[in-house]
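The values are calculated or read from the model by the stated rules, or taken from the named source; none is laboratory data. Quick caveat, the model's predicted, so the values are computed rather than measured. Please note: Cβ atoms are built from the backbone with ideal geometry, for glycine as well, and neighbour counts cover all protein chains shown. Only protein heavy atoms, including side chains, enter the accessible area calculation; ligands, DNA and RNA are left aside. Shrake-Rupley method; radii C 1.70, N 1.55, O 1.52, S 1.80 Å.
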Protein chains: 2
Amino acid sequence: MEFDLRIATGVLERTPATLRMLLGGLAPEWTDATEGPETWSPFDIVGHLIHGERTDWIPRAGIILAQGSERTFAPYDRFAQFEESKGRSLADLLDAFARLRAENLATLAGWRITEAQLALTGEHPAFGTVTLRQLLATWVAHDLGHTAQVTRVMAKQYRDAVGPWREYLPILDR
Amino acid sequence: MEFDLRIATGVLERTPATLRMLLGGLAPEWTDATEGPETWSPFDIVGHLIHGERTDWIPRAGIILAQGSERTFAPYDRFAQFEESKGRSLADLLDAFARLRAENLATLAGWRITEAQLALTGEHPAFGTVTLRQLLATWVAHDLGHTAQVTRVMAKQYRDAVGPWREYLPILDR
């Protein structure tokens, strides 16, 4: 699919409520579960999404739109949530994510980004030159990837409990 | 995780609202998208979940609980939705799924299933003997697997649009 800002935003605005419906009030047996050592729980993933709202998508889009002389993004800390989420409840994190996402989408809408601006570029610390269009498409795919991860982590908790049905449930072995 | 009916039900009761938040009112570019020929769109997946509510989980649980002389389940038609969803809107399917799931969870609660009953068995047409506990765990994992599938199908629509970020988004190549 070609990137279209309106169609992309439809996903971005739904993610906080989707995660709230999926995880809000759910037993910690699900929300603190992982896929094993060094893997993330749904709780960790929501913290990671919060960190992205604070430091990644909109700040990077702002760097591209400003077209200043220094357009290299700060590296994204993929582990920030382990400190930042400490002592917080999942309900608190879901609220924070929803609030930050709403603020960021208001910022995005306020920019009234044109087709021409979607082709503007910044410098990714690992990949080099990337466009605003690619950054915004990645924001969407990142949301969807982590929503899929949340449900995969949860499903795997029943890898043994399903007995022979494991053969029909490929998600349990991904 | 050991199967626990209360903890399992927490997921089952959230799936319709999760899918409604994720898909309700979303552009058809997302909801009709697939992963290629012979793969399912989010629209198809919701139809498949409806068919499961009608013919699979609760009817099979009923067969097990009745412990009649014939305990072999009818085979599950994995393609029923292609006929049954024809001409219907996604909004209609999301409503139907929510209504059927609520009815089925009311039936489940009304049975007041005991630990002893969870060990009762039926005959799966392919696997042979399975327990009620395994059937109910599969209902949960099946929900989660298809929710993950919906988000994966959607994410893949941006496989090219994300440019070099594809390397960081393993879901795009699953």
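Give me the number: length gained by fully extending B:Glu70 to B:Thr34, i.e. 0.36 nm times residue separation minus the C-alpha to C-alpha distance, one decimal in nm.
Computed gain between B:Glu70 and B:Thr34 is 9.1 nm.
Return the average number of partner chain Cβ atoms within 10 angstrom of each residue Cβ along peptide B:12-25.
4
As I understand it, the value is the acute angle between the Cα axis of helix A:57-66 and the longest principal axis of the Cα atoms of chain A; what does it come to in degrees, rounded to 10?
Around 10 degrees separate the two axes.
In region B:16-57, which GluC sites (Glu not before Pro) are in a loop and have at most 13 other Cβ atoms within 10 Å, using DSSP for the loop call?
Working: sites: B:Glu29, B:Glu35, B:Glu38, B:Glu53; in loops: B:Glu35, B:Glu38.
Those satisfying the criteria are B:Glu38.
With a 1.4 Å probe on protein heavy atoms only, work out how much accessible surface B and A bury together, total over both chains, in Å² to the nearest 100.
Approximately 4700 Å² gets buried when B meets A.
Please compute the average number of Cβ atoms from other chains found within 10 Å of each residue's Cβ in peptide B:133-143. Show your work: numbers first, answer last.
On the way: counts 3, 8, 3, 3, 8, 9, 3, 7, 15, 7, 3.
Average neighbour count from other chains, rounded to a whole number: 6.
Points 7 angstrom from Cα along the Cβ direction at A:Lys86 and A:Asp4: gap in nanometres?
Taking the simple label geometry, A:Lys86 and A:Asp4 are separated by 4.6 nm.
I want to verify a result. In a Gaussian network model of chain A, Cα cutoff 10 Å, which of these has the top mean-square fluctuation: A:Leu49, A:Leu23, A:Leu108?
So, out of A:Leu49, A:Leu23, A:Leu108, the one fluctuating most is A:Leu108.
From the label point of A:Ala80, set 7 Å along Cα to the beta carbon, how far off in nm is each other copy's matching point, shortest first?
4.7
Give the nm distances, rounded to one decimal, from B:Ser69 to the matching residue in every other copy, measuring between label points 7 Å along Cα toward the beta carbon; shortest first.
Relative to the other copies, B:Ser69 has label-point distances of 9.2 nm.
Lysines near A:Lys86 by alpha-carbon distance under 30 Å, same-chain residues fewer than 8 away left out - which ones?
Qualifying lysines at Cα under 30 Å: A:Lys156.
Find every distance from the label point of B:Asp32 to the corresponding label point in the other copies (7 Å from Cα along Cα→Cβ) and write them in nm, one decimal, shortest first.
4.6
State, as an integer percentage, the relative contact order of chain A based on alpha-carbon contacts under 8 Å between residues 6 or more apart.
Worked out over chain A, it gives 30 percent.
What whole number of Å gives the distance from the Cα centroid of region B:114-139 to the Cα centroid of region B:8-73?
A separation of 19 Å, based on Cα centres.
Relative to the present Cα-Cα distance, how much length would full extension add between A:Glu123 and A:Ala109 at 0.36 nm per residue of separation?
2.7 nm
From Cα pairs below 8 angstrom and at least 6 apart in sequence, can you work out the relative contact order of region B:88-174, rounded to a whole percent?
Relative contact order, region B:88-174: 13 percent.
Given the rule -39500 (n - 2.57) for each run of at least 4 DSSP H residues, summed and divided by the residues of chain A, what is its mean residue ellipticity at 222 nm, to the nearest 500 deg cm²/dmol? Mind dumping the intermediate values first?
Values: 9 runs with 100 residues, N = 174.
Only helices count here, giving -17500 deg cm²/dmol.
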